[in-house]
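Presented below is the structure to which this report refers.
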Amino acid sequence: MAEASAELKHVFAPKSIAVIGAGRTRGTIGRDILHNLIEYEFNGAVYPVNPKARFIHSMRAYRSVLEIPDPVDMAVICVPKHLALQAVEDCGRKDVKAIVMITAGFSETGAKGAELERQIFERVRHYGMRMIGPNCMGVINTDPHVRMDATFAGALPVEGRIGFLSQSGALGVAILERSAQMSLGVSSFVSLGNKTDVSVDDVLAYWKDDPHTELILLYIESFGNPARFTQLARGMMHSKPIIAVKSGRTKAGAKAASSHTASLAATDVAVDALFESAGVMRVDTVEKLFDYAQAFSTQPLPRGARVAIMSNGGGPAILATDAVVGNELEMAAFSSNTISRLRDVISEDASFANPLDMVASAGTEQFEKVAELLLADPNVDALVILFVPPITLDSRDVARAIVRAADRQKAQQKPVMVCFMSRDDEVSGIPILRAAKIPVYSFPESAVQALAALDRFRRIRERPVGSVRKFEDVNRKTVRAILDHARSEQRTQLLRNEVTDLLTAWGFPVLQSRFVGGREDLARVASEIGYPLVMKIAA
């Protein structure tokens, strides 16, 4: 795995990049990639390659990568697909270490494209290169020593600690723009496309050893090597959480995924089992991916499931309470000391139970002091703050009050989730909270669901480490007889009693059972097994 990580260093941290297919026309992919490399101030040499231009973007252009006088670590290829194979061949002869193949039109389009993709892969393997794509949107690394934006995305990336992987190029553009809006900085980003060579598990192996990556977000349509993915994810569970959107849940979605990036969609129940085994947090929407990312990238894991809710409105507090109970969390019982001190802070008309409704008249002072008191309560593991902006109160002042309270209680290591049901992001306190690394949501349920994800991940980390059992003392004669009998009857499925006998022959622990052919045998078999009993029809 260390070897795979080292190989991808030429993808994520090249010292020189050739853009093969660099264009002179604004709005073309080759031009945009070249522009982004310059605009983001890549810390290395950039070489435009275009057989019909002497200069591009005020830079010397070369007719072929073979004409570049200096070494080239990585080539970004965005030529028409009929020129792609020759471009790869030239890169191999130039001793280029890595390729990012932007060009599309391969296995996702049918048999003819698949054959061309196979030929490209053969050339990549022949020359010992690594390739991202084809049919991808590029790679980003925000490390100040690299500063590489080799994509055609419009928004420049924000530096951070999140590794982002998207198998979809179009969705990758949206992800980068959304993460910038939400102040979720990325350490690196990669769009895999058809993942002909570099796959999800290869990138995980790189991020496992990357000191700049602390959280990993995935949008995937299929796996590369599921066994290796599971092994890597398990090894990263205690240091780098992984949150994933796996599309293709339905038959129609799986079919669409196959035509999109030539993916082979796995059975969804198997994907759930794989993620659960590996400790990967699965979400079903990209929106929820961002909801969880806010929490996991900024907040500590709770020590327990006891949640305190404070609000200046009764309705949102009730919604949050329902969400707490519905997401397997607990409503905290405030200590007597906390209740006594709360009476000195908020109106006597308020409820001093959990959820704590401070009523609409609560001001910035109440938000600050109440948040501080609840975070200090030993019976509270996490705090959810709900704010509905009244006309008389500036949400920016409330945001600053919450930040002050959270800062003073930072030593408590308790997650704080905020719901600002605000009218306008730009003039509200939301940017203030995000700048202070406090996750903020538009609705109570979203805040609680993200908190529940933190708690669920805590429980995943705390579960005992399993072991792989090897079955060596197997009654293979019995196994063969069961399978041969089913084949002799031309059956494609085993009967229930056959499954039980087969598992027993392998040494799996199974419940004691008998096959009863008629009523006259029922009493005898029941007395042999003992009560209570469960009966099931065998058909």
> So what are the radius of gyration and Dmax for the Cα set of segment 402-459, in Å?
Replying inline: 12.2, 38
>> Using a probe radius of 1.4 Å on heavy atoms only, what accessible surface per residue do you get for segment 16-93? Whole Å² is fine.
In response: 48 Å²
>> Rounded, prolate or oblate for the chain? Axes are the square roots of the Cα gyration tensor eigenvalues, ordered a ≥ b ≥ c, and the cut-off for rounded is a/c under 1.5.
In response: oblate
>> Please report the carbon-and-sulfur percent of the accessible area for segment 285-408; probe 1.4 Å, protein heavy atoms only, DNA, RNA and ligands left out.
In response: 48 percent
> List the lysines whose alpha-carbon lies under 17 Å from that of Lys112, not counting same-chain residues fewer than 8 positions away?
Replying inline: Lys81
> For Arg54 and Asn497 in one chain, what is 0.36 nm times their gap in residues minus the Cα-Cα distance, to one decimal in nm?
Replying inline: 151.9 nm
> Once you sort the root eigenvalues of the Cα gyration tensor of segment 22-81 as a ≥ b ≥ c, which label holds: rounded (a/c under 1.5), prolate (a/b larger than b/c) or oblate (the other case)?
Replying inline: rounded
> Can you pull out the trypsin sites (Lys or Arg not before Pro) in segment 1-89 that DSSP calls coil and that have at most 10 other Cβ atoms within 10 Å?
Replying inline: Arg26, Lys52, Arg54
> Between segment 472-511 and segment 147-192, what is the C-alpha centre distance in whole Å?
Replying inline: 51 Å
> Once the Cβ-Cβ distance between Val465 and Lys9 is put in as r, and R0 is 30 Å, what FRET efficiency do you end up with, to the nearest 0.05?
Replying inline: 0.50
> How large are Rg and Dmax for segment 1-117 when only the alpha carbon atoms are used, in Å?
Replying inline: 14.3, 42
> Which aspartates and glutamates have a Cα less than 13 Å from the Cα of Lys240, not counting those fewer than 8 places away in the same chain?
Replying inline: Asp209, Asp210, Glu214
> Amide H to amide H, which residues 5 or more places from Arg282 or on other chains are under 5 Å from it, using H placed in the peptide plane?
Replying inline: Ala244
>> Counting C-alpha atoms alone, how compact is segment 82-167: give Rg to one decimal and Dmax as a whole number, in angstrom.
In response: 14.6, 43
>> With unit charges on the beta carbons (Lys and Arg positive, Asp and Glu negative) and the dipole taken about the Cα centre of the chain, which residue among Gly128, Asn194, Pro157 sits farthest to the positive side?
In response: Gly128
> Taking θ as phi - 60°, what are the ³J(HN,Hα) couplings along segment 104-113 by the Karplus curve (6.51, -1.76, 1.60), each to the nearest whole Hz, with x for Gly and Pro?
Replying inline: 10, x, 10, 5, 6, 9, x, 5, 5, x
>> Show me, for segment 197-202, the HN-Hα J-couplings you get by feeding each phi into the Karplus relation (A = 6.51, B = -1.76, C = 1.60, θ = phi - 60°), rounded to Hz, glycine and proline as x.
In response: 10, 6, 10, 4, 5, 4
> Which FRET efficiency value, to the nearest 0.05, do you get for Val525 and Arg178 by plugging their Cβ-Cβ distance into 1/(1 + (r/R0)^6) with R0 = 60 Å?
Replying inline: 0.45
> Structure shown: which of Lys97/Lys195; Lys195/Lys288; Lys195/Lys414 lie over 28 Å apart, alpha-carbon to alpha-carbon?
Replying inline: Lys195/Lys414
> What shape does segment 115-157 have by the C-alpha gyration tensor, where a ≥ b ≥ c are the square roots of the eigenvalues, rounded means a/c under 1.5, and otherwise prolate means a/b greater than b/c and oblate the rest?
Replying inline: oblate
>> Tell me the relative contact order for the chain as a rounded percent, counting alpha carbon contacts under 8 Å between residues six or more apart.
In response: 9 percent
> Which cross-chain or sequence-distant (5 or more) residues have an amide H under 5 Å from the amide H of Ala333, H modelled 1.01 Å from N in plane?
Replying inline: none
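The values are calculated or read from the model by the stated rules, or taken from the named source; none is laboratory data. These numbers come from a predicted model, not from an experiment. No Cβ is skipped: glycine too gets one built from the backbone with ideal geometry, and neighbour counts run over all protein chains shown. For accessibility, only protein heavy atoms count, side chains too; no ligands or nucleic acids. Shrake-Rupley method; radii C 1.70, N 1.55, O 1.52, S 1.80 Å.
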